[in-house]
Amino acid sequence: MRTNLSSQITLVRIPKRYYQPEDIFELSRVTRFEKTQSEIFDNESIGTKHVAAEIATLILEKQTLGENCVIGLTNGKTHVSIYNELVRLHKEEELSFKNVIFVNLFEFYPLNKSSKGCLSKLKELLFNHIDVLKENIYSPDITVDKSEIINECKIYEQKIANLGGIDFQILGIGRSGNIGIIEPGSQLNSSTRLILLDNLSRKDASELFGSIELVPISAITLGVGTILKAKRIILAAWGEHKSSVIKSAIEGIVTDALPASYLQTHTNVKLCIDLSAASELTRISRPWLVTSCEWDDKLIRRAIVWLCMKINKPILKLTNKDYNENGLSELLALFGSAYNVNIRIFNDLQHTITGWPGGKPNADDTNRPERAIPYPKNLLIFSPHPDDDVISMGGTFKRLIDQNHNVHVAYQTSGNIAVADEEVISFLSFLKGFKDKYDNENQILESKYSEFSQFILHDKKEGDLDTPEILEMKALIRRGEAKAACRYMSLPSKNVHFLNLPFYETGTVKKGAINLVDVDIIKKLLAEMKPQQIFVAGDLADPHGTHKVCLDAALAAIDEMKDEDWMKNCRIWMYRGAWKEWEIDHIEMAVPISPEELRNKRNAILRHQSQMESAPFMGNDERLF
């Protein structure tokens with residue numbers, strides 16, 4: 001079973017010579033806008049193995065010389081796969097870490113006894129699974145009184161200096177260009193110190209602590225100057241949500257507004273990134289500016305859209321001069337004139353627009369995104385959470401129903417952890433009133449009311465997990481809201497499926513990995529429905545990662561069933577809308593939305609009352625959905 005197929009989705013074919021040139025001359029040509037060395041890999045899995053192999057090579061070199069190897073570590077999603085690979089190298093290839101000294105990049109301060117900080121996470125991911133000596137793990141002392149913090153920072157700085165400095169520093173990059181917890185405004189020569197965390201950093205750390213309210217207000221961190229003293233630095237980044245900040249760090253100017261840009265001043269630094277994270281680098285997104293191109297329809301469309309945006313002209317008004325002055329003369333050579341290119345791309349974009357997302361019956365579908373036949377279609381919408389369907393494709397959802405397709409929606413997870421305790425109290429109050437009026441002698445309801453109220457109002461402490469019964473009640477709230485939205489969309493209840501995939505049911509923000517049970521649940525639904533059209537959430541930049549896992553689960557099931565006869569007549573569409581919209585040149589079907597349809601979509605979203613402004617995991621996008 002293949003469970004990471006989303007990482008293999010490529011919306012535009014990227015020739016290998018753009019990101020892995022065969023010779024030094026081509027490398028110099030395509031990277032001329034880049035000020036920091038970068039190595040681009042096809043996917044995270046390959047990049048992870050490369051970074052771990054470089055660390056292992058250095059460790060073995062130091063062992064041969066009889067020396068210690070000082071490695072600086074950081075905490076974050078990016079590095080989980082790297083640490084997993086290091087553990088594998090230890091267990092399967094007998095890589096020893098007895099000569100390794102690990103230095104923790106930062107730690108939150110203050111931490112209460114129940115909170116797990118960076119060191120605890122590193123122990124969980126790496127230290128507890130390898131043969132590192134306990135005395136070789138260095139981390140700031142967060143037990144000291146706040147009056148001793150300045151002195152503790154000096155002590156930690158001196159410890160690192162006494163080790164001879166850091167041999168190999170692993171870094172990640174945040175959405176604001178921070179490295180570790182070092183935020184914008186940090187100075188180039190800064191040393192180990194206490195910093196106050198801004199709201200964005202606390203939001204990013206909320207997954208580690210469960211909610212933003214539990215994230216400490218400050219942290220002890222190595223300074224930029226300390227990091228830049230490391231003999232070697234690798235910054236790793238995976239995923240399209242890192243693409244914008246990666247471009248700024250590699251191709252932008254050195255500025256304290258983007259701490260990662262300071263790496264441009266280091267003589268032995270490398271950024272290891274996958275194609276998704278590299279997608280906005282000039283050589284990937286605008287290759288015509290650095291080399292001759294292998295033109296295909298998608299790349300031509302991207303070039304023309306870019307040109308229109310750059311010079312603020314509509315497609316049909318572009319001239320030969322516009323093409324020649326902006327590095328696109330190759331297109332003139334291929335097509336003969338600007339007019340020929342313009343009309344081709346104009347028609348190409350125009351043909352993506354349709355009011356019939358399920359295909360228009362009794363019509364010529366030669367230039368339409370979807371087939372006219374079969375009609376009506378069996379159609380399945382996968383929604384990771386119980387509201388992603390109406391948030392991201394509510395207008396299309398409604399139109400498919402109105403156009404008489406057999407629409408079904410499958411909510412892949414319960415979404416229970418995104419329900420606030422106040423919502424449960426409100427429903428309990430209703431339940432108590434209902435019982436008192438119609439069934440006052442019902443001791444089961446009376447007992448459950450008392451039990452749940454006692455737990456939420458009195459027994460539950462910060463950081464405590466909900467009981468399975470409370471989580472089920474929160475799931476019921478989400479289910480009721482989803483059904484209400486579907487009713488508003490005129491979708492019958494029999495067409496609504498709650499899959500409750502087990503990977504999600506951990507009771508915490510951190511989820512399990514998808515497994516055979518998750519995939520079998522989806523396979524069963526697919527076998528029953530035999531859809532001719534499937535919609536899946538393609539928004540992989542969500543703050544909690546659930547969308548990607550749900551997409552992988554759906555794709556794994558589809559992959560397992562791809563040889564079924566009905567699958568040969570099934571098309572799969574990816575939709576977006578919550579965090580990062582499709583770029584114009586990626587869109588293959590655009591469905592116009594009328595003012596009335598927009599009002600319908602908005603009203604359907606409003607049925608999800610528990611997910612309004614108070615929703616715990618809205619991410620870093622402050623817009624109301």
Work out the charge dipole of region 310-350 with +1 on the Cβ of Lys and Arg and -1 on the Cβ of Asp and Glu about the Cα centre, then indicate which of Phe335, Ile345, Pro314 is farthest towards its positive end. Pro314
Given H placed 1.01 Å from N in the peptide plane, which residues other than close sequence neighbours of Ser115 have an amide H under 5 Å from its amide H? none
Within the chain, helix-based [θ] at 222 nm, where runs of 4 or more DSSP H residues each add -39,500 (n - 2.57), nearest 500: -12500 deg cm²/dmol
Sites Leu194 and Asp459 - FRET efficiency at Förster radius 35 Å, r taken between beta-carbons, to 0.05: 0.50
Quick check: the distance between the Cα centres of region 241-308 and region 321-341, to the nearest angstrom? 24 Å
To the nearest 0.05, how large is the calculated FRET efficiency for Asp296 and Thr57 if R₀ is 30 Å and r is the Cβ-Cβ distance? 0.20
Quick calc: nm separation of the 7 Å Cα→Cβ label points for Ile444 and Arg487 -> 2.4 nm
Burial ordering of Arg399, Arg232, Arg2, fewest other beta-carbon atoms within 10 Å first: Arg2, Arg232, Arg399
Where both residues lie in the chain, what percent of DSSP beta bridges are antiparallel, nearest 5? 20 percent
Shape call, region 334-386: gyration tensor on alpha carbons, a/c limit 1.5: oblate
Can you give the Rg to Rh ratio for the chain, taking only C-alpha atoms and Rh from Kirkwood? 0.99
Taking a label point 7 Å from the Cα of Val80 along Cα-to-Cβ, the residues of region 199-226 whose backbone nitrogen sits under 18 Å from it are 203-212
If you filter region 15-92 for GluC sites (Glu not before Pro), then keep DSSP loop positions with at most 15 other Cβ within 10 Å, what is left? Glu22, Glu67
Under a point-charge model restricted to the Cβ atoms of Lys and Arg (+1) and Asp and Glu (-1), what is the dipole moment magnitude of region 36-284 relative to its Cα centre, in debye to the nearest 20? 240 debye
Charge-dipole axis of region 36-284 as Lys and Arg at +1 and Asp and Glu at -1 on Cβ define it, positive-most pick from Leu95, Ile273, Leu125: Leu125
If r is the Cβ-Cβ distance from Asn162 to Lys123 and R0 is 30 Å, what FRET efficiency results, to the nearest 0.05? 0.80
At what distance in angstrom do the alpha carbon centres of region 354-375 and region 519-594 lie from each other? 19 Å
Once you have the Cα-Cα distance between Ala333 and Asn312, take 0.36 nm times their residue separation minus that, and quote the gain in nm to one decimal. 5.2 nm
Whole-Å distance, taken between Cα centres, linking region 10-50 and region 60-125: 28 Å
Return, ordered by residue number, the residues of region 374-392 whose backbone nitrogen is under 12 Å from a label point located 7 Å along Cα→Cβ of Glu588. none
Cβ charges +1 (Lys, Arg) and -1 (Asp, Glu), total dipole of the chain, debye: 1180 debye
The pairs in Lys134/Lys460; Lys35/Lys313; Lys203/Lys242; Lys483/Lys601; Lys154/Lys247; Lys494/Lys548 lying past 23 Å Cα-Cα in this model are Lys134/Lys460; Lys35/Lys313; Lys154/Lys247; Lys494/Lys548
Under the rule rounded for a/c under 1.5, else prolate if a/b exceeds b/c, else oblate, using alpha carbon gyration tensor axes a ≥ b ≥ c, region 310-350 is classed as oblate
Longer than 20 Å from Cα to Cα, which of Lys62/Lys231; Lys77/Lys231; Lys377/Lys530 are they? Say none if no pair is. Lys77/Lys231
Low-density loop cleavage sites - GluC sites (Glu not before Pro) in region 453-488, where at most 14 other Cβ are within 10 Å (DSSP): Glu462
Looking at this model, which pairs from Lys91/Lys229; Lys270/Lys580; Lys91/Lys113; Lys360/Lys398 are more than 20 angstrom apart at the alpha-carbon? Lys91/Lys229; Lys270/Lys580; Lys91/Lys113
Once fully extended, how much extra length lies between Asn569 and Asp421, figured as 0.36 nm per residue of separation less the alpha-carbon to alpha-carbon distance? 48.7 nm
For Ile311, Ile514, what's the fewest-to-most ordering of other Cβ within 10 Å of each Cβ? Ile311, Ile514
If neighbour count is taken as other Cβ atoms inside 10 Å, put His586, His385 in order from fewest to most. His586, His385
Approximate spin-label separation Asp256-Lys16, in nm, with each point projected 7 Å along Cα-to-Cβ: 4.6 nm
Positive-end residue, region 36-284 charge dipole about Cα centroid, Cβ charges, pick of Ile220, Ala205, Gln63: Ile220
For Lys523, go through the aspartates and glutamates and keep the ones whose alpha-carbon is under 15 Å away, minus same-chain ones fewer than eight residues off. Asp552, Asp559, Glu560, Asp563, Glu564, Asp565
Is the shape of region 36-284 best called rounded, prolate or oblate, per the rule: a/c under 1.5 gives rounded, else a/b larger than b/c gives prolate, else oblate, with a ≥ b ≥ c the square roots of the Cα gyration tensor eigenvalues? rounded
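None of the figures in this text is laboratory data; all of them are computed from the coordinates on show. The shown structure was predicted, so the numbers you read here are calculated from the model rather than taken from an experiment. Every residue, glycine as well, gets a Cβ built from its backbone with ideal geometry; the counts of neighbours run over all protein chains shown.
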